[in-house]
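K.L.:
One structure is given below, represented as structure tokens, and several questions about it will come after.
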Amino acid sequence: MSTRISSALLVMLAACGEARQDAPVGGEPTAVARGGEQAAAAGPARLPCALANAGAFTPSCTVDRAERDAGVVLTLRHPDGGFRRLLVTEDGRGVRAADGAEPAQVALVGKNVIEVSVAGDRYRLPARISGEAQ
């Protein structure tokens, strides 16, 4: 059996983004599941990240979601002003790097949680996971 990240990847995250297109959204699955309105009232939800090869995750990153011609683009924002852009895919991979030379590696790390790694930076994102028999 293989595990695929469904084309509805980050559905919870996307739902929050629809409530506040101009504001950073995201966070751990429990924070995102509260819904866009409550998350908006609490300020930007924090996304667990481990930057620059850090061993521990901290809730210090945020996410901006934007609809582009290529699809949904997530901008993962670092507390120091740095960022990474990811394109949500429709092929079961989840996300891929939207720009830059470094590819994004995606791994399932928990129920409805993926870990995205790009050049020593790691992020944990909520995702809808579907299992398929081959």
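K.L.:
For segment 105-126, give me each residue that is within 17 Å of C61 (Cα to Cα) and either assigned to a loop (DSSP other than H, G, I, E, B) or of a type in the set (A, V, I, L, M, F, W, C) (or both).
P.N.:
Residues satisfying the conditions are V113, I114, V116, V118, A119, G120, L125.
K.L.:
Give just the number: which of (1) surrounded by 13 or more Cβ atoms within 10 Å (Cβ to Cβ); (2) farther than 16 Å from R46 by Cα; (3) touching a residue at least 60 places away in the same chain (Cβ under 8 Å) does R124 not satisfy?
P.N.:
Going through the list (1) surrounded by 13 or more Cβ atoms within 10 Å (Cβ to Cβ); (2) farther than 16 Å from R46 by Cα; (3) touching a residue at least 60 places away in the same chain (Cβ under 8 Å), R124 breaks only (2).
K.L.:
Another question, then. Failed condition for G82, given (1) surrounded by 12 or more Cβ atoms within 10 Å (Cβ to Cβ); (2) touching a residue at least 40 places away in the same chain (Cβ under 8 Å); (3) not hydroxyl-bearing (S, T, Y), with all others met?
P.N.:
For G82, the exception is condition (2).
K.L.:
A further question follows. So, R93, is that one surrounded by fewer than 19 Cβ atoms within 10 Å (Cβ to Cβ), touching a helix residue (DSSP H, G or I) at 6+ places or on another chain (Cβ under 6 Å), in contact (Cβ under 8 Å) with a residue 24 or more places away in the chain and among the basic types (K, R) or not?
P.N.:
Details: surrounded by fewer than 19 Cβ atoms within 10 Å (Cβ to Cβ): yes; touching a helix residue (DSSP H, G or I) at 6+ places or on another chain (Cβ under 6 Å): no; in contact (Cβ under 8 Å) with a residue 24 or more places away in the chain: yes; among the basic types (K, R): yes.
For R93, the condition - surrounded by fewer than 19 Cβ atoms within 10 Å (Cβ to Cβ), touching a helix residue (DSSP H, G or I) at 6+ places or on another chain (Cβ under 6 Å), in contact (Cβ under 8 Å) with a residue 24 or more places away in the chain and among the basic types (K, R) - is not met.
K.L.:
Follow-up. D64 versus (1) within 18 Å of L51 (Cα to Cα); (2) without any contact (Cβ under 8 Å) to a residue 40 or more places away in the chain: which is the lone unmet condition?
P.N.:
(2)
K.L.:
Considering only segment 95-134, state which residues are touching a Phe, Trp or Tyr at 6+ places or on another chain (Cβ under 8 Å) and either within 20 Å of A66 (Cα to Cα) or modelled with pLDDT under 95 (or both).
P.N.:
Within segment 95-134, V116, R124 meet the criteria.
The values are calculated or read from the model by the stated rules, or taken from the named source; none is laboratory data. Note that the structure is a prediction, hence the values are computed from the model and not measured. Here Cβ is always computed from backbone atoms with ideal geometry, including for glycine, and neighbour counts include all displayed protein chains.
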